[in-house]
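Worksheet: the structure to be examined is printed underneath.
The values are calculated or read from the model by the stated rules, or taken from the named source; none is laboratory data. Every value quoted in this text rests on a predicted model; they were computed, and no experiment measured them. Heads up, the Cβs are rebuilt from the backbone with ideal geometry, glycines too, and the neighbour counts pull from every protein chain shown. Just the protein is used for accessible areas: all its heavy atoms, side chains included, with ligands, DNA and RNA removed. Shrake-Rupley method; radii C 1.70, N 1.55, O 1.52, S 1.80 Å.
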Amino acid sequence: MDANATTPLLPEVVETMRPYWTERFGNASSIHLNGQQAHSAVDCARAQLAEFLNCHDAEVVFNSGGTEGDNTALFGLLRPGDHFVTTAIEHSAILRAAERLEKFGVAVTYVAPDPSGLIDPAEIERALRPETRLISVMLANNETGVLQPVEAIGKIAKAAGAFFHIDAVQGAGKVPIDVRRFGCHLLSISAHKMHGPKGVGALFVRRGTPLEPLMLGGSHERRRRAGTENVPGIVGFAKAAELAMLALEDGTIPRLAALRDRLEAGILALPGTGVNGSYIPQTPGAPSLPRICFCGKGGIPQTSTGHLPDNGCYPVPRVANTTNLWFDHLEGEALVIALDLKGVAVSGGSACHSGATEPSHVLLAMGLDKTRARSSLRFSLLRTATDADVDYALKMIPEAVAHLRAISPVAAGTAG
Ligand code: PLP
């Protein structure tokens, strides 16, 4: 239940990649037959990714994954004296790059989310300055799954004459991607989050975007990313994208949302638990919230954060596979280990931070106190998750929670 960290290759993906490690091992830059076979495989993959993103083939730049795409977008566009607007809940691939850019004289504004984990487009607009060159906002948050209103932000960027980058690493394969509708100039995706291979990804670069390459060397990828193409990886990525597009249409996403909702409801039945980043916590006595699936064919809804209903809570759109929950009087890391011993893999924060003791920057930015943030776990289902997986987890989680609370000196009264 840690699909937001990474996913296994689907068998079709492995089969598609296999020949490109062995008999079709050519370098896509070589002019002999072996090289040309590799070159045309990369071209086909580029066309498939262009369909996945709804862009022109020439706008797809293959790279090593989400981290490289994010870094390329920021370092490729921003120069000293520029202003950059991003959010406090981005992945470290954006946040660490932004910190480095600040040292080089780029001014950065980090827009905070509301308590439900949503970024208000009006806050992005308020952060703009005449010298704002780039806005970067993620499509789906890796820890909460909350989908951000990228289409509205794209319109704000256009009106301001700023470039707009989307980190779509956690949204790709879970909701339809349409770079034209999003109004972005740049968008990063990564194969290993969508049942493709690790170490390969792509950056959408809208035609005419004056992006300086991060990697210098040969003239690969139309001089936008030097380095011999990872042909098996690229071919596998394209196959994964093709399968993801099918899954967006064939009922997989609502099925996954129903599984996630059942898992979530089962955990919420335990005392002293709650969801982070689904909706504003309910006030005591307020009616319970409807379960709403925002994912699937219809695309991404844009949620207004302008007002709250009377009961002080409202649902926000999330990807179908993710839920982030707090467990009072528990240390998230202890629960991760206890569940791991029972065969249930979950995450106590974003995968790239595992091992760190600091509470999640995303949950803190949403206003959770450190104790509650530390008590939180992310459950993220694979596309291939089954009812049996959820049944098993719902058997193991109460056992682990009860055991840890029983030995916790501060948990008296919350056993269960
Ligand atoms: N962006 C987000 C939102 C992510 O969740 C991740 C990985 O967890 C990345 C970027 C980095 O992607 P990659 O692992 O392909 O470098």
Meets criteria (open to solvent by 40 Å² or more (accessible area, probe 1.4 Å) and either within 18 Å of the chain's Cα centre (by Cα) or at pLDDT 95 or above (or both)) for GLN302: yes
Are any residues in the range 36-65 within 14 Å of the ligand (Cβ to nearest atom) and open to solvent by 30 Å² or more (accessible area, probe 1.4 Å), and if so, which ones? SER64
In the range 180-220, what residues are aliphatic (A, V, I, L, M) and buried (at least 24 other Cβ atoms within 10 Å of the Cβ)? LEU186, LEU187, ILE189, ALA191, MET194, VAL200, ALA202, LEU203, VAL205
Exactly one condition in (1) at pLDDT 95 or above; (2) open to solvent by less than 20 Å² (accessible area, probe 1.4 Å) is false for LYS342; which is it? (2)
For the range 131-161, which positions are in contact with a Leu (Cβ under 8 Å, 6 or more places away or on another chain), part of a helix (DSSP H, G or I) and either within 18 Å of ASP114 (Cβ to Cβ) or within 16 Å of the ligand (Cβ to nearest atom) (or both)? VAL150, ILE156
Restricted to the range 66-98 and to residues being of a type outside the set (A, V, I, L, M), over 20 Å from ARG206 (Cβ atoms) and open to solvent by less than 10 Å² (accessible area, probe 1.4 Å), the residue nearest to the ligand (Cβ to nearest atom) is GLU90
Which of the residues belonging to the range 165-223 are away from the ligand (no atom under 15 Å from the Cβ) and either part of a helix (DSSP H, G or I) or within 11 Å of the chain's Cα centre (by Cα) (or both)? VAL179, ARG180, ARG181, PHE182, HIS220, GLU221, ARG222, ARG223
Do you know which of the residues in the range 114-125 that are within 21 Å of ALA160 (Cα to Cα) and of a type outside the set (Gly, Ala, Ser) is most open to solvent (accessible area, probe 1.4 Å)? GLU125
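Examine the range 305-321 for a residue that is touching a helix residue (DSSP H, G or I) at 6+ places or on another chain (Cβ under 6 Å), open to solvent by less than 20 Å² (accessible area, probe 1.4 Å) and either modelled with pLDDT of 50 or more or of a type in the set (A, V, I, L, M, F, W, C) (or both), and state whether such a residue exists. I'd like the intermediate steps shown before the answer.
Here is the first cut: in the range 305-321, the ones touching a helix residue (DSSP H, G or I) at 6+ places or on another chain (Cβ under 6 Å) are 320-321.
Going one step further and asking which of them are open to solvent by less than 20 Å² (accessible area, probe 1.4 Å), we end up with 320-321.
Of the ones still in play, those that are also either modelled with pLDDT of 50 or more or of a type in the set (A, V, I, L, M, F, W, C) (or both) are 320-321.
Yes; the residues of the range 305-321 include at least one that is touching a helix residue (DSSP H, G or I) at 6+ places or on another chain (Cβ under 6 Å), open to solvent by less than 20 Å² (accessible area, probe 1.4 Å) and either modelled with pLDDT of 50 or more or of a type in the set (A, V, I, L, M, F, W, C) (or both).
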Single condition LEU101 does not satisfy, out of (1) crowded, with 19+ Cβ neighbours inside 10 Å; (2) within 14 Å of the ligand (Cβ to nearest atom): (2)
Looking at ALA47, ALA73 in this structure, which one is more than 19 Å from ILE166 (Cβ to Cβ), of a type in the set (A, V, I, L, M) and in contact with a helix residue (DSSP H, G or I) (Cβ under 9 Å, 6 or more places away or on another chain)? ALA47
